[in-house]
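Everything on this sheet refers to the single structure shown next.
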């Protein structure tokens with residue numbers, strides 16, 4: 001009798017140790033202007049396993065943590081430097097030195113040349129708080145300092161924006177990135193850094209020519225978007241994935257490459273991309289799960305990707321919400337999922353009844 | 001999220017983890033789940049309320065290297081000697097000793113790393129308002145907890161109307177009534193009385209308390225009087241809460257008997273918000289930080305506390321809540337189980 005109770009107890013303990021997929025804070029988090037040190041701190045506070053950031057080069061070869069190649073959606077660059085735009089009206093990061101970029105005030109994303117906030121429910125873009133652009137160095141120091149002061153293993157997922165664009169200016173952004181990381185002793189598979197980019201050949205170059213041992217992830221999308229010269233049709237095929245598995249640790253595909261949605265945002269079915277990737281031991285990290293813009297049921301969305309598609313991580317603007325939803329379906333400490341405990345006690349009871357029936361026959 | 005009524009106040013933010021009073025530090029505290037973010041306020045030369053704990057700049061910024069020679073004859077760099085524009089040029093750091101250059105708390109955020117700035121009270125209040133708007137479904141509303149630092153020092157420096165200036169900024173951000181999500185605190189009890197009677201403020205006021213031996217050179221407040229029976233009766237006529245050092249809530253020695261101050265506060269229905277609970281500085285009287293929290297939260301049942309590590313406090317609160325729930329549930333289901341066995345066998 002006691003043995004049965006103990007078995008049941010240990011079964012419930014096993015439930016508690018199942019880990020949830022990684023949760024990656026997209027550009028830090030949704031709650032503060034993207035990629036600022038403030039939103040990165042917020043992303044860490046919300047227990048993101050990783051923070052995702054983007055890097056571009058300035059004119060003087062400094063790595064700036066900024067998503068677009070231009071500055072008009074997130075800063076007052078138009079007011080501060082009225083004559084420094086190109087003929088298309090935009091002000092490009094690579095046309096400015098770091099000292100000039102430091103003078104900018106950053107705000108929550110707006111549609112360029114308007115005051116319209118892209119995500120209306122987020123931090124007010126009209127706010128006068130002097131948020132600023134951060135450099136990769138500042139971001140690394142924040143990460144490493146926080147790891148020390150909190151004793152927690154935060155990690156950084158760094159996207160190299162458009163390596164081919166940067167090559168046009170005779171810069172190897174990857175080389176600058178790798179040497180910046182090396183200056184902070186960040187070079188190994190086990191270091192808290194993962195590098196990703198859309199240009200697959202750049203990843204091959206980083207792995208083969210630079211001999212980097214850092215973890216790499218291949219961003220995947222559709223060819224018609226012209227994100228890079230890579231052939232994503234090939235890289236999403238079995239042969240392509242096998243090739244990737246020799247170079248990278250994972251893939252980060254647009255979530256619509258893993259799941260088919262209808263026009264209302266409801267899930268129809270899943271594709272075979274995840275199982276193919278898993279066949280070659282590639283982790284799968286889809287993007288981007290945004291609670292405030294997803295039209296369907298967000299809980300069902302997370303649930304589907306977690307239990308049916310079985311992805312290894314979620315790139316999301318609301319890491320706190322995704323963590324909460326994942327923990328609801330994974331497990332807990334006894335007392336929050338009464339169902340399991342009830343089931344176990346019920347099982348013991350039935351076994352006891354059966355034993356009793358056996359002896360009385 | 002914790003659902004208890006204990007108010008967790010992020011002391012200078014989550015200052016156990018990031019440089020105090022910087023916006024990333026406040027963002028961290030907000031994300032960790034605090035109920036209030038704390039702002040210490042002192043004035044710049046041009047009368048702008050700045051969020052800073054000291055009246056000096058030299059232990060939390062690079063002022064000594066950016067403005068060499070701007071110190072006073074005592075060697076210190078005073079905030080009140082610098083304009084807002086100058087203060088904005090500084091880089092804020094984790095706290096260090098201005099003479100030795102060593103960190104005050106050895107295991108916190110490394111000194112002089114990354115880039116942080118000092119902010120104005122207005123900027124921080126706007127930050128809080130924006131975060132309160134941006135959080136999911138507006139469920140969480142984090143309040144402000146403002147301390148007016150050293151009014152008598154400011155008066156000596158000819159900035160006599162410090163409280164008026166601060167109240168005006170608060171008013172601009174819709175903080176003026178008792179029902180607003182804010183507490184206003186001060187170590188200068190006479191100033192609190194003036195804020196209540198002369199300036200007619202309706203805000204919730206908190207009397208910060210200490211020992212007379214711990215007072216700085218500019219303070220005239222007699223804490224021996226204010227913590228006495230008569231003093232507390234007087235205090236309760238114009239403040240809503242006391243903010244004592246936590247050691248003032250139990251008697252000297254090891255018995256952990258609640259102090260007279262504690263009983264007086266309860267008698268006058270004053271809220272008790274002691275400072276400061278630091279998981280990296282636990283008095284030897286308590287075996288661990290959790291044991292310390294257990295004493296104050298579960299035994300003394302204080303109403304709120306200031307902490308440098310809000311996540312630790314909230315984790316403690318949530319785990320005791322979970323434990324209580326689990327104990328209740330398992331007692332219940334085991335009871336049913338035993339009952340049904342008994343029914344079968346009988």
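The values are calculated or read from the model by the stated rules, or taken from the named source; none is laboratory data. All of these numbers come straight from a predicted model, not from anything done at the bench. Reconstructed Cβ throughout: ideal geometry from the backbone, glycine too, with neighbour counts over all protein chains shown.
Of all residues in segment A:51-88, which are in contact with a helix residue (DSSP H, G or I) (Cβ under 9 Å, 6 or more places away or on another chain) and under 18 Å from residue A:24 (Cβ atoms)?
A:51, A:52, A:53, A:55, A:65
The residue of segment A:289-303 that is surrounded by the fewest Cβ atoms within 10 Å (Cβ to Cβ), among those that are in contact with a helix residue (DSSP H, G or I) (Cβ under 9 Å, 6 or more places away or on another chain) and assigned to a helix (DSSP H, G or I), is A:299.
Residues that are within 14 Å of chain A (Cβ to nearest Cβ), more than 19 Å from the chain's Cα centre (by Cα) and either in a helix (DSSP H, G or I) or modelled with pLDDT of 95 or more (or both) do not occur anywhere in segment B:272-289. Quick check, is residue B:311 at negative phi, within 21 Å of the chain's Cα centre (by Cα) and within 8 Å of chain A (Cβ to nearest Cβ)? Yes, satisfied. Within segment B:13-41, being away from chain A (no Cβ under 11 Å) and out of contact with any strand residue (DSSP E or B) (no Cβ under 6 Å at 6 or more places or on another chain) holds for one residue alone: B:20. Of the residues making up segment A:15-24, one or more are more than 14 Å from chain B (Cβ to nearest Cβ), buried (at least 24 other Cβ atoms within 10 Å of the Cβ), modelled with pLDDT of 95 or more and assigned to a strand (DSSP E or B).
Test of understanding: among B:293, B:256, B:297, which residue is in contact with a helix residue (DSSP H, G or I) (Cβ under 8 Å, 6 or more places away or on another chain) and in contact (Cβ under 8 Å) with a residue 60 or more places away in the chain? Give the steps one after another, and end with the answer.
Working: B:293 fails: in contact (Cβ under 8 Å) with a residue 60 or more places away in the chain; B:256 fails: in contact (Cβ under 8 Å) with a residue 60 or more places away in the chain.
Step by step, each of B:293, B:256, B:297 is checked, and only B:297 is in contact with a helix residue (DSSP H, G or I) (Cβ under 8 Å, 6 or more places away or on another chain) and in contact (Cβ under 8 Å) with a residue 60 or more places away in the chain.
Working carefully through the options B:46, B:74, find the one that is in contact with a helix residue (DSSP H, G or I) (Cβ under 9 Å, 6 or more places away or on another chain), in a loop (DSSP other than H, G, I, E, B) and surrounded by fewer than 22 Cβ atoms within 10 Å (Cβ to Cβ).
Working: B:74 fails: in contact with a helix residue (DSSP H, G or I) (Cβ under 9 Å, 6 or more places away or on another chain).
Every option except B:46 fails the conditions.
Within segment A:232-256, being within 19 Å of residue A:294 (Cβ to Cβ) and in contact with a strand residue (DSSP E or B) (Cβ under 6 Å, 6 or more places away or on another chain) holds for A:252, A:253.
Can we say residue B:85 is assigned to a helix (DSSP H, G or I), more than 11 Å from every other protein chain (Cβ to nearest Cβ) and closer than 22 Å to residue A:127 by Cα? Step through it out loud before you land on a result.
Working: assigned to a helix (DSSP H, G or I): yes; more than 11 Å from every other protein chain (Cβ to nearest Cβ): yes; closer than 22 Å to residue A:127 by Cα: yes.
Criteria met by residue B:85.
Does residue B:5 qualify as being more than 14 Å from chain A (Cβ to nearest Cβ), surrounded by fewer than 24 Cβ atoms within 10 Å (Cβ to Cβ) and assigned to a loop (DSSP other than H, G, I, E, B)? Don't jump to the end; show me each part of the working.
Numbers: more than 14 Å from chain A (Cβ to nearest Cβ): yes; surrounded by fewer than 24 Cβ atoms within 10 Å (Cβ to Cβ): yes; assigned to a loop (DSSP other than H, G, I, E, B): yes.
It is true that residue B:5 is more than 14 Å from chain A (Cβ to nearest Cβ), surrounded by fewer than 24 Cβ atoms within 10 Å (Cβ to Cβ) and assigned to a loop (DSSP other than H, G, I, E, B).
Among A:133, A:186, A:146, which is the only one that is buried (at least 16 other Cβ atoms within 10 Å of the Cβ) and more than 14 Å from chain B (Cβ to nearest Cβ)? Only one candidate qualifies: A:186.
Can you tell which of B:333, B:319 is within 30 Å of residue B:28 (Cα to Cα) and within 14 Å of chain A (Cβ to nearest Cβ)? Even if it seems obvious, please write down each step before you answer.
Details: B:333 fails: within 30 Å of residue B:28 (Cα to Cα).
Checking each option against the conditions leaves just B:319.
Just one of the listed residues (B:100, B:83) is under 25 Å from residue B:186 (Cα atoms) and surrounded by fewer than 17 Cβ atoms within 10 Å (Cβ to Cβ), and it is B:83.
For segment B:119-157, which residues satisfy the criterion of being surrounded by fewer than 17 Cβ atoms within 10 Å (Cβ to Cβ) and either without any contact (Cβ under 8 Å) to a residue 40 or more places away in the chain or assigned to a strand (DSSP E or B) (or both)? Those that are surrounded by fewer than 17 Cβ atoms within 10 Å (Cβ to Cβ) and either without any contact (Cβ under 8 Å) to a residue 40 or more places away in the chain or assigned to a strand (DSSP E or B) (or both): B:132, B:133, B:136, B:137, B:138, B:139, B:155. Only one of the numbered conditions (1) surrounded by 21 or more Cβ atoms within 10 Å (Cβ to Cβ); (2) at pLDDT below 95 is violated by residue A:286, and that is (2).
Under the condition of being touching a strand residue (DSSP E or B) at 6+ places or on another chain (Cβ under 6 Å) and without any contact (Cβ under 8 Å) to a residue 40 or more places away in the chain, the residues counted in segment A:97-110 number 2.
When segment A:111-124 is filtered for residues that are touching a residue at least 40 places away in the same chain (Cβ under 8 Å) and either closer than 19 Å to residue A:44 by Cβ or within 11 Å of another protein chain (Cβ to nearest Cβ) (or both), the ones remaining, listed by number, are A:119, A:121, A:122, A:123. When A:236, A:215 are screened for being surrounded by 15 or more Cβ atoms within 10 Å (Cβ to Cβ) and under 18 Å from residue A:54 (Cβ atoms), only A:215 passes. A count restricted to segment A:304-352 and to residues that are at pLDDT 75 or above, within 9 Å of chain B (Cβ to nearest Cβ) and either outside any helix (DSSP H, G or I) or loosely packed, with under 15 Cβ neighbours inside 10 Å (or both) stands at 1.
Give me a count of the residues in segment B:123-136 that are at the interface with chain A (Cβ under 9 Å from one of its Cβ atoms) and farther than 24 Å from residue B:95 by Cβ. Steps first, please.
Within segment B:123-136, the first condition is being at the interface with chain A (Cβ under 9 Å from one of its Cβ atoms), and the residues that meet it are B:123-124, B:126-127, B:129-131, B:133-136.
Remaining after also requiring farther than 24 Å from residue B:95 by Cβ: B:126, B:129-131, B:133-136.
Residues meeting the conditions: 8.
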